[in-house]
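Here the structure comes first, spelled out in structure tokens, and everything after it is commentary.
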Amino acid sequence: MNWNEIYETAKAWTLEAGEILRNATKETVKVEYKTSAADLVTQKDKEIEQFFIDRIATNYPEHFLLGEEGLASDQEYDPNQEIVWIVDPIDGTTNFVHQKRNFAISVGIYEFGNPKIGFVYDPVADELFHAQVGQGAYLNNQLLPRLPQKTLEEANISINQLWLVPNRYVDYTIFTSMIQKARGTRYIGSAALEIAYVASGRLDTYIDFRLSSWDIAGGMVILGEVDGLMKTVDDKDIDVFSPGITYFSNKHVLDEVYQNVNKK
Ligand code: IPD
Ligand code: CA
Ligand code: CA
Ligand code: CA
């Protein structure tokens with residue numbers, strides 16, 4: 001398998017798809033509800049997913065695609081036996097619709113369940129976070145350094161405000177102490193960007209509970225290359241195919257986060 005060639009090809013496609021979305025921010029886009037008024041999809045989500053499906057079918061017919069919008073015709077495969085492109089055509093659709101910024105295309109390429117290549121592209125900021133396993137992570141042409149030593153007092157924590165009010169996933173009061181000790185809290189609304197921001201030091205920990213493979217597949221490759229930690233709430237490594245309750249973090253901050261999250 002020529003991974004360098006796949007990397008360069010996937011990078012070119014991601015940038016090309018990003019240009020479509022950047023142009024779309026100047027147009028009127030058709031918006032539909034999926035499961036509720038808080039769950040949007042646009043024709044651009046579908047167009048970008050189809051863009052990747054068509055190119056993969058032509059260039060790598062033996063590869064599979066797992067995408068949020070589920071448009072790929074052949075969904076019957078075992079991700080642990082195949083090469084799979086895990087694509088979120090627009091991560092942060094609500095931001096795409098409301099803000100026309102703070103959204104990303106996320107692409108993770110996995111071979112037999114193992115991470116190989118990751119892209120998270122913010123087309124409005126023209127920031128491409130990218131990594132090939134074992135070769136470091138980059139923001140555009142700049143190599144991202146390993147994440148620095150930090151304490152919770154110096155940390156910026158990203159958490160969806162839904163987890164700070166009564167919810168069906170977790171006892172929300174467990175976060176109070178951690179939030180009080182952290183330097184700041186942020187929530188961007190694009191999981192892929194939040195993971196990429198942890199990798200680039202803009203955030204230090206990102207916590208979320210109902211993510212899917214396509215939200216995290218690209219970012220996990222990037223964060224892995226700067227020595228980031230990706231753990232479930234019970235301290236297991238995150239399985240990209242069934243994420244659960246997830247912490248993406250600077251490893252120096254995570255212990256302190258855990259200590260404070262367990263305190264009520
Ligand atoms: C969503 C965003 C959001 C996260 C949700 C995701 P989408 O993805 O990443 O930040 O909190 O869980 O579903 O639907 O905009 O691709
Ligand atoms: Ca969605
Ligand atoms: Ca998503
Ligand atoms: Ca999406």
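The values are calculated or read from the model by the stated rules, or taken from the named source; none is laboratory data. What you are looking at is a predicted structure, and each value in this text was computed from that prediction instead of being measured. Here the Cβ positions follow ideal geometry from the backbone for every residue, glycine too, while neighbour counts run over all protein chains shown.
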Filter region 31-50 for residues that are part of a helix (DSSP H, G or I) and within 15 Å of residue 104 (Cα to Cα); the one that is nearest to ligand 3 (Cβ to nearest atom) is 45
Inside region 6-30, the number of residues satisfying the requirement of being assigned to a loop (DSSP other than H, G, I, E, B) and either loosely packed, with under 15 Cβ neighbours inside 10 Å or touching an Asp or Glu at 6+ places or on another chain (Cβ under 6 Å) (or both) is 4
Per the list (1) assigned to a helix (DSSP H, G or I); (2) closer than 21 Å to residue 262 by Cα, residue check on residue 166 breaks on (1)
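Condition check ((1) assigned to a helix (DSSP H, G or I); (2) more than 22 Å from residue 137 (Cα to Cα); (3) of a type outside the set (Ser, Thr, Tyr)) across all residues:
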residue: 177; (1), (2), (3): yes, yes, no
residue: 203; (1), (2), (3): no, no, yes
residue: 206; (1), (2), (3): no, no, no
residue: 211; (1), (2), (3): no, yes, yes
residue: 224; (1), (2), (3): yes, no, yes
residue: 244; (1), (2), (3): no, yes, yes
residue: 247; (1), (2), (3): no, no, no
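For every residue, the table says whether it meets (1) farther than 21 Å from residue 241 by Cα; (2) surrounded by 23 or more Cβ atoms within 10 Å (Cβ to Cβ); (3) within 16 Å of ligand 3 (Cβ to nearest atom).
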| residue | (1), (2), (3) |
| --- | --- |
| 95 | yes, no, yes |
| 98 | yes, no, yes |
| 108 | no, yes, yes |
| 124 | yes, no, no |
| 127 | yes, no, no |
| 137 | yes, yes, no |
| 149 | yes, no, no |
| 163 | yes, no, no |
| 174 | yes, no, no |
Taking the condition assigned by TED's automatic domain parsing to the domain that holds residue 124, farther than 19 Å from residue 221 by Cα and within 15 Å of ligand 4 (Cβ to nearest atom), does residue 66 pass? no
